[in-house]
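Structure record follows, encoded as structure tokens.
Read the figures in this text as sums done on the coordinates, not as results from a lab. Given the structure is predicted, the values throughout are model-derived calculations rather than measurements. All Cβ positions, glycine included, derive from the backbone under ideal geometry; neighbour counts span all protein chains shown.
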Amino acid sequence: MLFEELIAKVPDYKSFYTVDEFNERSLALAQKYPDKVKIHMGGYSRKNEPIYILEIGKGSKNALLFGCPHPNEPIGAMMLDSLSEMLAKGEESLDKLDYTWYIIKVIDVDGTKLNEGWFKDSSSIKKYAQHFYRPPGHEQVEWTFPIHYKTLNFDTPLPETKILMKLMEEKKPAFMYSLHNSGFGGVYYYVSGDLGSQLFDDFQALPGKFDLPLNLGEPEAPYLKQLAPAIFQLFGISEEYEYLVKHLPQGTDPAKVIKAGTSSDDYASQVGNTYSLVCEMPYYYDSRVDDKTELAQTRQEFLKKSLESTKQAYDHVKKILSMIESELKDKSVAFYSAVSNYVEVTQDHIKATENWIENDETLRRPATVAEEFDNVYARKFYDSLMQGMLRRLINENLKHDPENHVLLQAKQEADKRFEELNHFLEENLKYKTIPIKSLVCVQMIAGLNTMYRLQEKGEK
């Protein structure tokens, strides 16, 4: 595996930088290394916040790397901060990469600021959930690229998405790294295609160097194509569309359930011959996430338990939103959009999942401990995140109307449900909080090795 010597150069971070800190560090880097680093104003966010692009190097191929395509995912932004410092300082081992680097540390500036409540202390899953924010699909930078597929016609990219589109169209990057991360689980990857067995071997060996597990439980979606354990083919929104066509009740239009656009990889592959990588990793893990021990129960049985948990979470959020809807003075707050969209589309997703579970014969094999963990325990963790956003919506409106008895009653019920979920998690999980340096190193080394293998393939 190449570039391991860079591990020693990555700082032992104790917390995540804020958006303002990232911007200050980018501006300072360009000022300190004016001959190597250029800084461009890419544009502005929906709330008129600046989005900066660092341009480093003069290689023959272009690389586009961007952090926080989902605003609750700052690991990649930290990696880009560390990598940009190394590139500016002229780390010798990076000379073997013939790229011009275009780096955006934070692409969803507005959403990332709404997560900063847990950036300085991410040791607790409860604190993470309390300060969590993630927008609905049609407001996510990653999933608002234009697409026209059957009945799905999406052509309203966000201002942030347009910045990326412009770079893709003008620079035609050979390599693109959309820097994502999960919340709980293990490490897994998405790639545009196979660059040789050595790269996949490196991907699978890399987490172990930092005592991190691969994620060997449930994939993010039923329709993913697995290329190797914990390595999947990248996908666009058309794959979800076809899955919904197959599993929704006849006559249901998948476009009305999706409501969003396609992915950065899907768009980049259309405008240039771009190879993309996504390296997903968690903030927290439990030793069960890669346990392949077979159990007496089937995978289908555990998926049904997961679905039942989803139904309970959905019913609760729907009930509370219905209770407070007429009392909300400010529906422009980001949390309203996130919660109301969840209520609007989740019922159809539940129907599709139910049909898939009942009719997919492959689900009747014995489940593994890792699959049980994802369906029974990790599911509750992700339920707590939506519950956290519901609480934030109520609290934001209480600021304007602190004596509103409906909002106060809703707060009491939402708080109780939130505490119940977190009590269940604390009682049933033996989780560890992963050092930020370990997470940064895995993403950095995975990306650099991919860039090298891609370059090597092009030279043959």
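Annotations
- Per-selection Kirkwood Rh - segment 201-349 (Cα, Å, 1 d.p.): 18.9
- Our coupling estimate for segment 138-153, obtained by passing each phi through the Karplus curve with A = 6.51, B = -1.76, C = 1.60 and θ = phi - 60°, is 6, 10, 9, 4, 5, 10, 10, 8, x, 7, 10, 9, 6, 8, 8, 10 Hz, Gly and Pro reported as x.
- The calculated pair-distance distribution of segment 45-177 uses every alpha carbon pair, bins of 10 angstrom beginning at 0, and gives 11, 37, 31, 18, 3, 0 percent.
- Degrees between helix 405-428 axis and first principal axis of the chain (Cα, 0 to 90, nearest 10): 70
- For q = 0.24 Å⁻¹, Debye-computed log10 I/I(0) when each Cα of segment 207-246 counts as one equal scatterer: -0.85
- Over 26 Å between alpha carbons, listed pairs 126/318; 150/318; 14/225; 162/411; 47/259; 105/351: 150/318; 14/225; 162/411; 105/351
- Computed over segment 398-451, the Cα gyration tensor eigenvalues convert (square root of 5λ each) into semi-axes of 41, 19, 8 Å, ordered from largest to smallest.
- Based on DSSP H segments of at least four residues, each scored -39500 (n - 2.57), the chain has a per-residue ellipticity at 222 nm of -15000 deg cm²/dmol.
- Unit Cα scatterers, Debye sum, segment 188-232: log10 I(q)/I(0) for q = 0.16, 0.18, 0.22 Å⁻¹: -0.42, -0.53, -0.77
- Histogrammed with a bin width of 10 Å, the alpha carbon distances of segment 190-288 distribute as 12, 37, 32, 16, 2 percent, first bin at zero.
- What the phi angles of segment 283-292 give under the Karplus curve with 6.51, -1.76 and 1.60, with θ = phi - 60°, is a coupling list of 7, 9, 8, 10, 4, 6, 5, 10, 7, 9 Hz, glycine and proline written as x.
- Working ranking of peptides 328-340, 252-264 by packing, defined as the average number of other Cβ atoms within 10 Å per residue, highest first, is 252-264, 328-340.
- The C-alpha atoms of segment 305-460 occupy a region whose extents along the principal axes are 69, 38, 32 Å, arranged from largest to smallest.
- For the peptides 132-142, 73-83, the ranking by mean Cβ contacts within 10 Å, running from highest to lowest, is 73-83, 132-142.
- For the peptides 176-186, 87-97, the ranking by mean Cβ contacts within 10 Å, running from highest to lowest, is 176-186, 87-97.
- Averaging 1/r over every pair of different alpha carbons in segment 215-273 and inverting the result gives a Kirkwood radius of 13.1 Å.
- Equivalent-ellipsoid semi-axes of the chain, from the Cα gyration tensor, Å, largest first: 34, 26, 23
- Spherically averaged projected area of segment 328-415 from its Cα convex hull (nm²): 7.2
- Calculated P(r) of segment 269-338 - Cα pairs past 20 Å, %: 67
- Computed from Cα positions, the angle between helix 334-359 and the longest principal axis of the chain comes to roughly 80 degrees.
- Inter-part distance where segment 142-182 and segment 274-295 are each reduced to a Cα centre, Å: 25
- Spatially proximal lysines relative to residue 457 (Cα-Cα < 22 Å; intrachain offsets below 8 disregarded): 58, 61, 96, 171, 172
- Semi-axis lengths (Å, descending) of the ellipsoid that matches the C-alpha gyration tensor of segment 1-101: 22, 17, 13
- For segment 23-66, pairs of C-alpha atoms spaced more than 16 angstrom apart make up 43 percent of the total.
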